[in-house]
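These notes are about the structure you will find just below.
The values are calculated or read from the model by the stated rules, or taken from the named source; none is laboratory data. Just so you know, these numbers come straight off a predicted model, no measurement behind them. Ideal geometry is used to build each Cβ from the backbone, glycine not excepted, and the neighbour counts take in all protein chains shown.
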Amino acid sequence: MFSGRSGAAKLSIIIVVGLIVLKVVVGVITGSLSVLAQAVDSFLDLFAVSVTFLAIRIAARPADEEHPFGHGKVENIAAVIQAILIFIAGGSIIYSAVRRIQTHAALEMTEAGIGVMAVSIIASIFLSRYLLRVAKKEDSMALEANAHNIAADVYSAAAVFVGLIVVRLTGLVIIDAILAGLVALYILKVAVDVLRNSLGGLVDVKLPEDEENSVRAAITEHFGREVVSFHKLRTRKAGSQRYIDLHLVMPKHVSIEDAHNMCDHLEKDIEEKLVHTDVTIHVEPCDENCDSCDLTCDERKE
């Protein structure tokens, strides 16, 4: 029921809605700013999860006439929206923390706040780990951003949990506001990280070096037998879909059929190393500079 991208998004919505209800009720009862700040953060999580769910459905659509490269970048856009929401959450918590320090408002029934934070920590740990596992398996940028968003709640809820215990033991209400501010700073850092990762796909940043090295290894293993060299390797990613194109240099007098078979072999090899990959290869003849070539072909039967 909750397997795959859509199932993970549905599970996120259910858990986040439950946490919002708990945090709002307890936040109002106790008057705890840090608990209410957590409720605001969870409400933004709900919006972010909804955006993720919609983005996953759109990104899964096959390529069409107007979108020949598919709809994968919708996931990057969803991740950017989540980053903006996280920024808003952090800013609103900082503002509320300053107001709390100015008004010196008291806290009531801190035990209830401690209890709901414990529930929030357990639920967020479970959800963030599950989302990250599905995101890695499905290679989903939107789900990964959502997982980091929920993971931020684990640390912030833990800080609030500890803070409420200290308030309960010492009566220092200002600790609630200070911890809310510290939580907000961490949330802003998460927003910067999510924004940096998601924008990379929108501006066609190349694939990570280890992935490009996998492409190079798939080609160089044929050096000295069928392939002379390659150049103009270009890579990019849209959502979970990788796009790779390169120029492959082969012996000048090789047949079209042999060149085609080599390209098919390389495309299959690369796609096995990197999932969700579209490979385009342009074949070029060698320049017949045999002195710099290790390949034995029809021109140089040595």
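Per-structure values
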{"item": "Every residue from region 240-256 that is closer than 30 Å to ALA135 by Cβ and either in contact with a strand residue (DSSP E or B) (Cβ under 9 Å, 6 or more places away or on another chain) or in a strand (DSSP E or B) (or both)", "result": "GLN241, ARG242, TYR243, ILE244, ASP245, LEU246"}
{"item": "Residues satisfying the stated conditions in region 63-93, i.e. touching an Asp or Glu at 6+ places or on another chain (Cβ under 9 Å) and over 30 Å from SER156 (Cβ atoms)", "result": "PHE69, GLY70, HIS71"}
{"item": "Test for LEU188: is it assigned to a helix (DSSP H, G or I), among the aliphatic types (A, V, I, L, M) and in the same structural domain as SER92 (by TED's automatic domain parsing)", "result": "yes"}
{"item": "Qualifying position, being β-branched (Val, Ile, Thr), surrounded by 13 or more Cβ atoms within 10 Å (Cβ to Cβ) and over 30 Å from the mean Cα position of the chain (by Cα), among VAL215, VAL190, VAL167", "result": "VAL167"}
{"item": "Test: PHE69 is within 22 Å of LEU22 (Cβ to Cβ) and either in contact with a Pro (Cβ under 6 Å, 6 or more places away or on another chain) or in contact (Cβ under 8 Å) with a residue 12 or more places away in the chain (or both)", "result": "no"}
{"item": "Any hit, region 94-106, residues being modelled with pLDDT under 70, surrounded by fewer than 24 Cβ atoms within 10 Å (Cβ to Cβ), in contact with a helix residue (DSSP H, G or I) (Cβ under 9 Å, 6 or more places away or on another chain) and not in a helix (DSSP H, G or I)", "result": "yes"}
{"item": "Inter-residue pairs, beta-carbon under 7 Å, first touching a residue at least 24 places away in the same chain (Cβ under 8 Å) and in region 144-172, second crowded, with 23+ Cβ neighbours inside 10 Å and not in a helix (DSSP H, G or I), 6+ apart", "result": "LEU164/SER32"}
{"item": "Pair list, Cβ < 7 Å and 6+ apart or interchain, from region 77-97 residues that are more than 10 Å from ILE187 (Cα to Cα) to residues that are in a helix (DSSP H, G or I) and of a type in the set (Phe, Trp, Tyr)", "result": "LEU85/PHE47"}
